[in-house]
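The values are calculated or read from the model by the stated rules, or taken from the named source; none is laboratory data. Everything numeric in this text was worked out from a predicted model, so none of it was measured. Positions of Cβ are generated from backbone atoms using ideal geometry, with glycine treated the same way; all protein chains shown enter the neighbour counts.
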Amino acid sequence: MQNFDYQTPTRLIFGKGAIAKLPQVMSTFGKRILLTYGGGSIKKIGLYQQVQDLLKDFEIIELSGIQPNPKYNPSVLDGVRLCKEHKIDVILSVGGGSVLDCSKAIAAGACYNGDPWDLISYKVKAQAALPIVDIITLAATGSEYDCGGVISRTETNDKIGYMDRHLFPHTSFLDPTYTFSVSKKQTAAGIADAMNHTIEQYFAEDTTLLNDGFCESMLRSLMVNGRKCLDNPEDYTARAEMMLACTYGCNGILSLGNSESGWPCHGIEHALSAYYDITHGEGLAIITPRWMTHILDEHTLPRFVKYGINVFGIDASLDEWTIARKAIDETYKFFESIGIPMHLREVGIDDSRLDEMAHHIAVNEGLENAYAPLSEKDIKDILVNSL
Ligand code: NZQ
Ligand code: ZN
């Protein structure tokens, strides 16, 4: 087992009606709040008004219109400007992972005097960040329990996963009823995202029985409950378990003591959504089985066998290669069965920029150090096979 140094300081307040504690939590920071949100889903579900009513004694400045795959310009830059102009005490993010990720970059940028891109691009290390509280309305990214924010810069086709310990939310409110209104498309993308977060940690060189079991249970839970959420969007129990599973997905708790995997599917997908602005979870679902097929060899075979038997219940008496190939096939079929388009062409990506993207990924994502090392040619092959 590898050494590690781990801390997740975020307070989770979970369950129906959790928001009642919002005023008490917000009052620990001061009166001036930057309320961040997206394109309006929080208004449709009544959450915006609920927040306004609960926080009537606070001074609220708003930043709305934060898009999926949140953009540095204008959202991060506008948010930083508002924080500085209004001497904001705390940021309240209400929405999905994109709103929260953007809020994290704003929180760091607000405490920095230069161009916030210096921080996101790791040129300068953040010394501080404004406190962040969030009400997460979509189960997917796990941003509510991690210190990462993924920010896109359109003009350079960059999509950077910016991580810094200052970016952990102080408190995350998780009320599964807010996810009842999430569309089938976004619910399925959320299932695929959290499943891939787990797969990225499961496929590593050095793992433990403990972590393997945690990951296998995550995957089974996400598939069973995810399907229930799609069949009945207001199934509280299923939405709740899916929400908690997603929360666990991305803060490293599933792989404490494991060796680094390099998160290859994310490295590849981030370029897809940077170049084509596609839905992150859909991009991952398309890439994952092709990546699996590409890396299956004598060395990785035992991992695939374990995955196939413990996650999909494949007959352990079959030949190992048969189990491994069936496991990859089951992965593909599950994503397809929840309505995810399984080809790049179906999400608007053709072969015209594959070379450019493969080069961008090879230069920026360090996948030559992944669990199964990927060269530029490997990345291109995975992309071609995903078309
Ligand atoms: O903008 P609004 O109107 O709020 O609508 C959103 C958006 O259109 C909608 N939505 C959110 N909550 C809803 C709802 N619709 C109805 N009812 C609700 N309760 O869903 C759409 C997608 O929202 P978004 O926030 O983009 O989705 P998600 O949470 O999946 O976030 C995706 C982003 O997170 C990044 C991705 O790359 C992508 O940019 N990631 C962040 C990670 C992290 N911080 O740890 C890790 C992930 O691997 C991922 O890379
Ligand atoms: Zn992800």
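Inspection of segment 230-237 identifies no residue that is buried (at least 20 other Cβ atoms within 10 Å of the Cβ), assigned to a helix (DSSP H, G or I) and either out of contact with any helix residue (DSSP H, G or I) (no Cβ under 7 Å at 6 or more places or on another chain) or assigned by TED's automatic domain parsing to the domain that holds residue 300 (or both).
Within the option set 331, 322, 293, being assigned to a helix (DSSP H, G or I), among the polar types (S, T, N, Q) and either on the phi > 0 side of the Ramachandran plot or without any contact (Cβ under 8 Å) to a residue 24 or more places away in the chain (or both) holds for one residue only, 322.
Are there any pairs, at least 6 apart or on different chains, whose C-beta atoms fall under 9 Å, with the first in segment 13-28 and closer than 14 Å to residue 52 by Cα and the second surrounded by fewer than 14 Cβ atoms within 10 Å (Cβ to Cβ) and of a type in the set (Phe, Trp, Tyr), and if so, which? Qualifying pairs under 9 Å: none.
Taking segment 190-204 as the range and being away from ligand 1 (no atom under 11 Å from the Cβ) and among the β-branched types (Val, Ile, Thr) as the test, the residues that pass are 198, 199.
Results for (1) more than 10 Å from ligand 1 (Cβ to nearest atom); (2) surrounded by fewer than 22 Cβ atoms within 10 Å (Cβ to Cβ), shown as yes or no for each residue.
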| residue | (1), (2) |
| --- | --- |
| 206 | yes, yes |
| 217 | yes, yes |
| 220 | yes, yes |
| 239 | yes, no |
| 256 | yes, yes |
| 280 | no, no |
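Among residues of segment 282-323 being under 18 Å from residue 219 (Cα atoms) and aromatic (Phe, Trp, Tyr), the one that is nearest to ligand 1 (Cβ to nearest atom) is 291.
Output yes when any residue across segment 238-251 is without any contact (Cβ under 8 Å) to a residue 24 or more places away in the chain and either of a type in the set (Val, Ile, Thr) or within 16 Å of ligand 2 (Cβ to nearest atom) (or both), and no when none is. No: segment 238-251 contains no residue that is without any contact (Cβ under 8 Å) to a residue 24 or more places away in the chain and either of a type in the set (Val, Ile, Thr) or within 16 Å of ligand 2 (Cβ to nearest atom) (or both).
Conditions tested, residue by residue: (1) farther than 25 Å from residue 243 by Cβ; (2) in contact with a strand residue (DSSP E or B) (Cβ under 7 Å, 6 or more places away or on another chain).
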position	(1), (2)
23	no, no
31	yes, yes
47	no, yes
64	no, no
69	no, yes
90	no, yes
118	yes, no
126	yes, no
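Residues of segment 367-387 that are exposed (fewer than 15 other Cβ atoms within 10 Å of the Cβ) and over 23 Å from residue 343 (Cα atoms): 368, 369, 373. List pairs: first in segment 265-276 and of a type in the set (Gly, Ala, Ser), second near ligand 2 (Cβ under 10 Å from one of its atoms), Cβ under 6 Å, 6+ apart or cross-chain? Sorted first by the residue in segment 265-276, then by its partner, the pairs are 273/280; 273/283.
Scanning segment 128-155 for residues that are acidic (Asp, Glu), more than 15 Å from ligand 2 (Cβ to nearest atom) and either part of a loop (DSSP other than H, G, I, E, B) or surrounded by fewer than 24 Cβ atoms within 10 Å (Cβ to Cβ) (or both) returns a single hit, 155. For segment 258-278, the candidate set comprises residues that are of a type in the set (A, V, I, L, M, F, W, C) and under 29 Å from residue 208 (Cα atoms); within that set, the residue that is farthest from ligand 1 (Cβ to nearest atom) is 268.
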